[in-house]
Amino acid sequence: MKILVLNSGSSSIKFQLIETDSEMIAANTDRCLGKGIVERIGTDEASLRLEALAKQCKPQIGALLDHQIALTRVLDALRECGVIADISQVQAVGHRVVHGGEQFSHSVLMDEEVAKAIQLCSELAPLHNPHNLRGYYVARKVMPQVPQVAVFDTAFHQSIPPYAYLYGIPYTYYRRYKIRRYGFHGTSHRYVAYKFRQIFGKGREDVNLITCHLGNGCSITAIEKGKSVDTSMGFTPLEGLVMGTRSGDLDPAILLYLMSKDELSLHDVSTLLNKFSGLYGLSGESNDMRELMASAGKGNEQAKVAIDVFCYRIRRYIGAYSAAMGHVDGLIFTGGIGENAPLVREKACERLAEMGFQVDVARNKGIIGKEGEISADSSRARVMVIPTNEELLIARDTFRCVRGLPHPY
Ligand code: ADP
């Protein structure tokens with residue numbers, strides 16, 4: 001089945017056309033036929049970049065005045081590149097949807113009722129859900145006969161128990177405003193955990209895992225017998241690890257202090273914590289780990305401190321989630337930083353040998369941008385690098401929802 005995976009944003013659409021079915025999933029031979037991004041939708045200078053059948057196509061620049069025109073252009077481009085003969089070959093559409101609230105613990109076939117429920121969750125993800133939904137309405141217009149599926153970032157974490165998802169504030173706020181930990185990046189954590197079990201021939205029930213997704217946004221998840229039991233992002237994606245530009249955990253009283261000292265508005269505080277904090281704020285230089293490592297290598301102390309804070313926070317969470325589960329069989333690194341930065345992995349695992357995580361320095365240095373084991377032979381738990389593939393999981397979920405098959409992981 002050829003499935004179009006869409007990640008629709010306010011002025012962009014990321015897309016992949018993926019071919020998958022039961023046999024291909026079992027043999028791990030499902031594949032991406034084409035992928036790309038449309039940016040600056042709504043302007044005269046929108047751009048469409050497409051890599052089709054592993055070949056880079058010439059970028060197209062021009063007016064794409066709305067998402068519907070942009071999606072039509074994407075389908076035309078896929079046809080022109082020979083990825084599809086015509087639109088009717090796209091048999092389903094899978095949408096990345098950021099927030100499914102407490103309502104969605106699995107991917108679902110979309111209809112008007114599901115769309116309404118996603119709309120209701122928009123209050124919890126105002127920057128994402130409305131645009132994800134727009135992707136659905138536009139695809140429904142362009143391909144009215146084609147089934148569509150929503151795959152939620154939050155769904156995997158719905159198995160987290162109340163003692164881990166409740167905050168220590170009056171319970172009434174959970175009842176009234178649904179303030180609780182939701183967690184994000186669920187598709188990525190679920191994918192790498194599945195891959196780990198596949199590599200080692202284990203079933204869901206056989207292993208407890210800690211998965212570290214370290215990209216621009218960063219989160220870490222405790223997965224007990226295949227189920228997320230805790231995760232570092234919370235009510236919003238601001239909590240937890242130090243990220244590119246987001247602060248992660250901090251004493252909430254700091255906000256009050258800053259608001260009174262510098263007379264910051266709500267908007268100022270939100271911008272400060274989301275856009276000017278994290279690696280960027282700490283280093284005063286960059287949110288890009290590559291640049292910070294280069295800078296630290298040249299002796300820049302502030303860049304070094306930023307990296308130290310980033311790695312120490314990961315280490316603390318690994319310790320916390322080991323305690324949460326009691327026993328851990330595998331630790332997985334993924335995302336742009338997790339896949340490509342041996343230094344970060346090494347520092348994040350410092351002093352964890354007694355806990356069961358021992359990195360082999362040479363192995364670690366040799367695994368960059370690819371799958372591989374980095375643990376020492378003497379390590380009790382396996383430490384792995386596993387490149388994430390959220391789009392593939394969205395395509396597989398879409399296939400299963402359309403066929404009415406159960407979700408195996
Ligand atoms: P997103 O969360 O937007 O999907 P990515 O997963 O692509 O982001 O991760 C982006 C991060 O990965 C950036 O901080 C970038 O510096 C980092 N990164 C990419 N390649 C490398 C590398 N070779 N070494 C260190 N960090 C890298």
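Total residues in segment 283-332 satisfying the condition of being of a type in the set (S, T, N, Q) and buried (at least 22 other Cβ atoms within 10 Å of the Cβ): the figure is 1.
Taken as a whole, the structure places Gly240 among residues that are in contact with a Ser or Thr (Cβ under 6 Å, 6 or more places away or on another chain) and either polar (S, T, N, Q) or within 16 Å of the ligand (Cβ to nearest atom) (or both). Looking at Val151, Val146, can you tell me which residue is modelled with pLDDT of 95 or more and more than 27 Å from Ile179 (Cα to Cα)? The match here is Val146.
All conditions in (1) within 21 Å of Ser105 (Cα to Cα); (2) within 14 Å of the ligand (Cβ to nearest atom); (3) surrounded by fewer than 19 Cβ atoms within 10 Å (Cβ to Cβ) hold for Met233, with the sole exception of (3).
Within segment 383-402, track down each residue that is closer than 14 Å to Asn7 by Cβ and more than 16 Å from the chain's Cα centre (by Cα). Within segment 383-402, just Thr398 meets the criteria.
The residues in segment 3-30 that are buried (at least 17 other Cβ atoms within 10 Å of the Cβ), more than 18 Å from the chain's Cα centre (by Cα) and either touching a residue at least 24 places away in the same chain (Cβ under 8 Å) or under 11 Å from Val93 (Cα atoms) (or both) can be counted, and the count is 7. Within segment 64-107, the residues that satisfy the criterion of being among the β-branched types (Val, Ile, Thr) and under 22 Å from Leu392 (Cβ atoms) are Val74, Val83, Ile84, Val90, Val93, Val97, Val98. Condition check for Phe357 on (1) over 22 Å from the mean Cα position of the chain (by Cα); (2) at pLDDT 95 or above; (3) hydrophobic (A, V, I, L, M, F, W, C); (4) farther than 19 Å from Ile220 by Cα: one failure, at (4). Using the structure shown, decide if Leu209 is assigned to a strand (DSSP E or B) and either within 16 Å of the ligand (Cβ to nearest atom) or at negative phi (or both). Against the criterion (assigned to a strand (DSSP E or B) and either within 16 Å of the ligand (Cβ to nearest atom) or at negative phi (or both)), Leu209 qualifies.
Count of segment 100-143 residues, restricted to those that are surrounded by 17 or more Cβ atoms within 10 Å (Cβ to Cβ), among the aromatic types (Phe, Trp, Tyr) and more than 23 Å from Arg181 (Cβ to Cβ), is 1. Screening the candidates Arg380, Arg396, Arg363, Arg400 for the property of being basic (Lys, Arg), away from the ligand (no atom under 16 Å from the Cβ), surrounded by fewer than 17 Cβ atoms within 10 Å (Cβ to Cβ) and not in a strand (DSSP E or B) yields one hit, Arg380. Checking each residue in segment 295-353 for being over 18 Å from Val242 (Cβ atoms), in a helix (DSSP H, G or I) and either more than 16 Å from the ligand (Cβ to nearest atom) or free of Cβ contacts under 8 Å to residues at least 24 places away in the same chain (or both) picks out Gly297, Ser322, Ala323, Ala324, Met325, Ala353.
Checking each residue in segment 287-301 for being more than 20 Å from Ile368 (Cβ to Cβ) and touching a Leu at 6+ places or on another chain (Cβ under 7 Å) picks out only Asn287. Counting just the residues of segment 212-225 that are away from the ligand (no atom under 15 Å from the Cβ) and of a type in the set (A, V, I, L, M, F, W, C), which one comes out farthest from Arg181 (Cα to Cα)? Checked segment 212-225; the qualifying residue farthest from Arg181 (Cα to Cα) is Ile223.
The values are calculated or read from the model by the stated rules, or taken from the named source; none is laboratory data. All figures in this text were calculated on a predicted structure; none of them were measured in a lab. Virtual Cβ from ideal backbone geometry, glycine too; neighbours counted across all protein chains shown.
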